[in-house]
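Participant: Just passing along the structure, written as structure tokens.
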Amino acid sequence: MKNIILTAAIASVALVSCGTVQSLVQNTFPYTANVLISTGVPANQEVSSTATATNVQTWFGGNNNAQIKDVRISDAKVSVVSPSGGNLSALKSIKVYISSGGTGEKLVASRNDISTTSSSVNLDLNDTGYLDNVVKSNGLTVRTVYELRNQTTSDMNLKIALNFSSIPAQ
């Protein structure tokens, strides 16, 4: 009886350890971009804003591009970060693209018909497959295309938060 309990305890610890190791081995890394929507931006017209991202070498320190693979978008969110607060009711739609040095642009997240009065909303992910070549390159660019439902009465700052996941390269 003592051996059965000991064996069950060891098996439980091994299973929990495997799950912990797997979550530690799978990398998740964020990127945020800020978008300023000025007062003069017209409604019902797509407007584009571009920001340069920090590449994966900086996040992991050194040249570790070869250390990860199977990079995918795992989460995307837009939120208002204006000092006066606010909500997303003026926003009609948003699309987020990433590219490597401005080439090979891929749509990673979007949201149409935004009709919320909250200050943040999760974006719908676009499963574009693996993004290894884009994310692991130098000069990752994030381009945000948005359309306003109404012209804003004051400047509005948006934060675009993108999370990418990967697994270690073997």
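Read-outs: derived from the displayed coordinates by stated rules, not from any lab. Remember, predicted model here, so these are calculated numbers, not experimental data. Neighbour counts run over all protein chains shown; Cβ positions are idealised from the backbone, glycine included.
Participant: Compute the length gained on full extension between SER38 and LYS159: take 0.36 nm times their separation in residues and subtract their Cα-Cα distance, giving the result in nm to one decimal.
Facilitator: Separation in residues times 0.36 nm, less the Cα-Cα distance, equals 42.1 nm.
Participant: Could you name the lysines whose alpha carbon sits less than 21 Å from that of LYS95, not counting residues in the same chain fewer than 8 places away?
Facilitator: LYS77, LYS106, LYS159
Participant: Around SER93, under 14 Å between beta carbons, what's the net of Lys plus Arg minus Asp minus Glu among the other residues?
Facilitator: Local charge sum for SER93: 0.
Participant: Given a Förster distance of 22 Å, report the FRET efficiency between LYS77 and THR128 from their Cβ-Cβ distance, rounded to the nearest 0.05.
Facilitator: 0.80
Participant: Let me ask another. Convex hull over the Cα atoms of the range 27-168, averaged projected area in nm²?
Facilitator: Details: hull surface 32.8 nm².
Approximately 8.2 nm², given one-decimal rounding.
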